[in-house]
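What follows is one structure encoded as structure tokens, with my remarks underneath.
The values are calculated or read from the model by the stated rules, or taken from the named source; none is laboratory data. As the structure is a computational prediction, the values presented were derived from the model and not from experiment. Cβ sites come from the backbone with ideal geometry, for glycine too, and all protein chains shown count toward neighbours. We work out accessible area using only protein heavy atoms, side chains counted, and drop any ligands, DNA or RNA first. Shrake-Rupley method; radii C 1.70, N 1.55, O 1.52, S 1.80 Å.
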Amino acid sequence: MNGRAWQSELGGLADPAQFTEPLRVGKADGARLSDLLRTMLVIRHTEDQIGRLVVEGLARTPCHLGIGQEAVAVGVATRLRATDRAFGNHRSHSHFLALGGSPESLIAEVLGKASGASRGMGGSMHLFGRDVGFHGSVPIVGATIPIAVGAGLAAKLDGGDSVAVAFFGDGATEEGVFHESMNLAVVSDLPVLFVCENNLFSSHLDIEFRQPSDRIGRYADAHRMRTLTVDGNDVLAVEAAAATLVEAARRGEGPALLEAVTYRFRGHVGPNEDLDVGVHRRMADVQAWKQRCPIRRLRDGLVAAGVLSGEDFAAMEREVVTDIGQAVGLARSAPYPDVSALHDLVYAGPR
Amino acid sequence: MNDPTGTGPHETGYGEAIREGFVHLLSRHREVFTIGQGLWSPWYVGNSMTDLDKLFGKDRVIDTPVSELACTGAAVGAALCGYRPVVIHPRMDFMVLAADQIINQAAKWHHMLGGQARVPVTIRAIINRGGEQGAQHSQALHSWFAHIPGLRVVMPASVADARDLLIASVLCDDPVMYIDDRWLYDQRAVLPPVVERPLAAEGPKVVRSGSDITLVGAGYSTWLCSQAADILAAEDIDAVVIDVRVLNPFEPAAILASVGRTGRLCVVDGGWRNAGWAAEVIASVAEAIDPRALKASPRRVTLADAPAPTSKALEAGYYPDARQVADAARAALPPRRTA
């Protein structure tokens, strides 16, 4: 900690020893919540496989894994339609998959194959899935935030009730464009949901060394924008907050910031835990946060409610692993893009 | 205000011609809107957008907070969603704050996302200099942006191009930087009715024919070339003037053909010398031409490699004028040429 007054305004939300209990779920909602659980498993295992492809040397593109953060993407995605427009960042496998992008197209993209989500031209950090409402991700920190504001402007000009969503991390809130974008969205009254996955770390540095407080929602307060801060490892809490904010935006009540507090199990980039790279990234924290695993908490909740048995879950997980194994196989055998793409795709029109 | 859309040939000025382009676009194309600082004020952009907000509404002519980066990003985002926004930067110097959205985003998304995302945004950058405005109110950064694959860069020199290249830029499916120059706003010409033409069909154009030397300019420097050609004509030197118009993607064929005939080349660039656009023109000719066809070393007239000064005494020595262009041309010609 530096000499200045650091203040944790998040309190228990940033404390991995808290919020570890199973989620409280109603049996009536069981089938739907089982689907959410399955989607989180798909994200977890797809990213796990991508990590293995990195270790194997097959994937060289920088892969930023969001293992441990699945509930944010899945919770928000439940409130979005394919006609909404979501934008991501360097760590967006989860957003792409939660919205309905296929593991095979993601893995193929990571391997630089023509069957990939971006036809092998983007890699892990530049994903595209218009059919499912995912309109692009890029690794320049904060870059898609104003782009989402422009998508919100387009939605307003269209006159419908679509919304635009920007997914970004706590590091991006230190970029000036985040503040410019919130201001522009507020004064223009645009249907934009800013989703901050506050995992308490930029690439390597604890938020404690970067900001005077760990609560990102305070920036929305400054811009007179609606905001909710939730436990990002509780998919139901994320979903409820997203429901409130997205529906308000659809009704024309303007932009909002959803802050979801979470933690990544892996390092900034690649499959390792990166305790050596992180400043203040401690083994005890990583282990404690794994006890707050969003998948385990929903699973335990569903088991406690009698929706799933432990065996049901194991079967679900086996099925997911098998499917993703097949997706990896298809992606591995897919062809690379034709070299002509290098020149032919520079312009949409003729040169 | 004169709204000549749909009218016959008429005389107009460069700034008004830009406005005619906007009137045409906003009248005929629902997906076009404009966004930038100063669009509700007569102060920022000369006479090039007067009263457009009153004609087309403040929803489509959007004045903004002081946020070049976010506003450019918003234009890129709307372009990704089917609109054809024009984001206006009343001074190119301030547009540097938006460089990420122009260079990393607009220019890259089509390629980087496998041809699935189109960014038909037009970034209007205005060169506005002189009058002791100094180093941060003066820059002509076309060379910088012409370096970026995926970003089309156009510089209208003529009154007709002020209107017609704007229309072609906005209707193009790629990001285009359209650079106009306040020093050209007083130019006048008779314009024919608008004919929409694809930007990809546009490129360098011979605007004055001749046989002794090829002068090449872009934007205001084309006007300097024409003025210099008048000076040279009085000495019976017959200069070709080529207006480059489209700096990226650059198609040097017309220049190459002309230099093949004249054997002499002088490029006039309103930007700096080092790694500048004039160097690209000379290199494109030098690597493709038969060296025996060159009768003299190619020349360039550029700004000195120094920031723009404020004091009028220094300004006078900073910006090249037509006389200096004529001097450079003469230096590439045989010493004693008589009528």
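The table for this structure:
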read-out	value
Tally, over segment A:139-156, of residues that are more than 7 Å from chain B (Cβ to nearest Cβ), among the aliphatic types (A, V, I, L, M) and farther than 19 Å from residue A:246 by Cβ	1
Filtered residue count, segment B:239-266, keeping only those that are within 15 Å of the chain's Cα centre (by Cα) and away from every other protein chain (no Cβ under 14 Å)	4
Test for residue A:200: is it farther than 14 Å from residue A:258 by Cα, open to solvent by 30 Å² or more (accessible area, probe 1.4 Å) and touching a strand residue (DSSP E or B) at 6+ places or on another chain (Cβ under 8 Å)	no
Residue check, residue A:210 over 18 Å from the mean Cα position of the chain (by Cα) and either at the interface with chain B (Cβ under 10 Å from one of its Cβ atoms) or open to solvent by 10 Å² or more (accessible area, probe 1.4 Å) (or both)	yes
Out of B:305, B:269, sole residue that is under 16 Å from residue B:139 (Cα atoms) and crowded, with 21+ Cβ neighbours inside 10 Å	B:269
Residue pairs meeting the criteria (Cβ under 7 Å; at least 6 apart or on separate chains; first more than 12 Å from chain B (Cβ to nearest Cβ) and touching a residue at least 40 places away in the same chain (Cβ under 8 Å), in segment A:329-351; second charged (D, E, K, R) and crowded, with 16+ Cβ neighbours inside 10 Å)	A:330/A:104; A:331/A:104; A:331/A:113; A:334/A:113; A:335/A:113; A:336/A:113
Segment A:170-180, residues that are in a helix (DSSP H, G or I) and not β-branched (Val, Ile, Thr)	A:171, A:172, A:174, A:176, A:178, A:179, A:180
Strands (runs of 3 or more DSSP E) within segment B:171-264 that include 1 or more residues under 30 Å from residue B:82 (Cα atoms)	B:176-181, B:246-248
Residue that is buried (at least 24 other Cβ atoms within 10 Å of the Cβ), more than 14 Å from the chain's Cα centre (by Cα) and either within 14 Å of chain B (Cβ to nearest Cβ) or modelled with pLDDT of 95 or more (or both), where the choices are A:62, A:103	A:103
Elements of type strands (runs of 3 or more DSSP E) contained in segment B:77-163, each with 2 or more residues being surrounded by 24 or more Cβ atoms within 10 Å (Cβ to Cβ) and within 11 Å of chain A (Cβ to nearest Cβ)	B:84-89
Segment A:169-193 - residue that is open to solvent by less than 30 Å² (accessible area, probe 1.4 Å) and more than 14 Å from residue A:256 (Cα to Cα) and, of those, farthest from the other protein chains (Cβ to nearest Cβ)	A:170
Criterion (more than 17 Å from residue A:69 (Cα to Cα), surrounded by fewer than 24 Cβ atoms within 10 Å (Cβ to Cβ) and within 12 Å of another protein chain (Cβ to nearest Cβ)) met by exactly one of A:136, A:159	A:159
